[in-house]
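> There's a structure below that I have some questions on.
The values are calculated or read from the model by the stated rules, or taken from the named source; none is laboratory data. Computed from a predicted structure; not experimentally measured. Don't worry about glycine lacking a Cβ; one is built from the backbone with ideal geometry, like all the others, and counts go over all protein chains shown. Surface areas here come from the heavy atoms of the whole protein model, side chains and all, with no ligands, DNA or RNA. Shrake-Rupley method; radii C 1.70, N 1.55, O 1.52, S 1.80 Å.
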Amino acid sequence: LRALRTFLPRFLGVEEFDGMNYLILENILRPFRRPCVMDIKLGRITYDQEATAEEAQRRILKFQPATEIGFQVLGWETFRSDRNLYIYHDKICSRALTKEELLFAMAN
């Protein structure tokens, strides 16, 4: 875990806004010129504790592999230097992937 620490943002505090608390984290992308980014939600539970049973079931069904693999990908963006542009894949694309395709997407 210590080897990964350099890739993680520093915790800068907590900010309250509109009755909710939000973590303030360092922007780890700042030093990069054209970063490739993947938004990963960690955890097997994809709904909050206030969700109704129907809401919880609906969220589970959106990406069932999350309950098995422990995370889901909400989207990613890669820079293609040959075309000088970013390619963006949203959460709808991510949810359509199988577990095996998800591993390929992460490697990409």
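> Report the residue, chosen from D48, D18, D82, that carries the largest GNM mean-square fluctuation when the chain is represented by alpha-carbon nodes joined by springs under 10 Å.
Of D48, D18, D82, the Gaussian network model singles out D18 as fluctuating most.
> Further question: Please list, in chain and number order, the residues 5+ apart from G75 or on another chain whose amide H is under 5 Å from its amide H, with Hs placed from the backbone.
Here D39 satisfy the definition.
> Please give the per residue accessible area of segment 1-87, computed with a probe of 1.4 Å over protein heavy atoms only, in Å².
Details: 7500 Å² over 87 residues.
Accessible area per residue, segment 1-87: 86 Å².
> Just to check I understand the Karplus step: with θ = phi - 60° and J = 6.51 cos²θ - 1.76 cosθ + 1.60, what whole-Hz values come out for segment 15-25, glycine and proline as x?
The phi angles translate into 10, 9, 9, 6, x, 10, 9, 10, 6, 9, 10 Hz.
> Defining a contact as two alpha carbons under 8 Å apart and six or more residues distant in sequence, what relative contact order in percent does the chain show? Please list the in-between numbers first.
Details: 122 pairs, mean separation 20.8, N = 108.
Reported as a whole number, the value is 19 percent.
> Using only the alpha carbons, work out the radius of gyration and Dmax of segment 1-97 in angstrom.
Rg then Dmax for segment 1-97, in Å: 16.7, 48.
> Among A53, A66, A96, which one shows the highest mean-square fluctuation when the chain is modelled as a Gaussian network with alpha-carbon springs under 10 Å?
Looking only at A53, A66, A96, the biggest GNM fluctuation is shown by A53.
> Let me ask something additional. Out of segment 65-96, which trypsin sites (Lys or Arg not before Pro) are coil in DSSP terms and have no more than 11 other C-beta atoms within 10 Å? Before the final figure, lay out each step's value.
Values: sites: R80, R83, K91, R95; in loops: R83.
For trypsin sites (Lys or Arg not before Pro) across segment 65-96 that sit outside H, G, I, E and B with at most 11 neighbouring Cβ atoms in 10 Å, the list reads R83.
> So which chymotrypsin sites (Phe, Trp or Tyr not before Pro) in the chain are both in a DSSP loop and have at most 13 other Cβ atoms within 10 Å of their Cβ?
Values: sites: F7, F11, F17, Y22, F32, Y47, F63, F71, W76, F79, Y86, Y88, F104; in loops: F32, Y47, F63.
Sites meeting the loop and neighbour criteria: F32.
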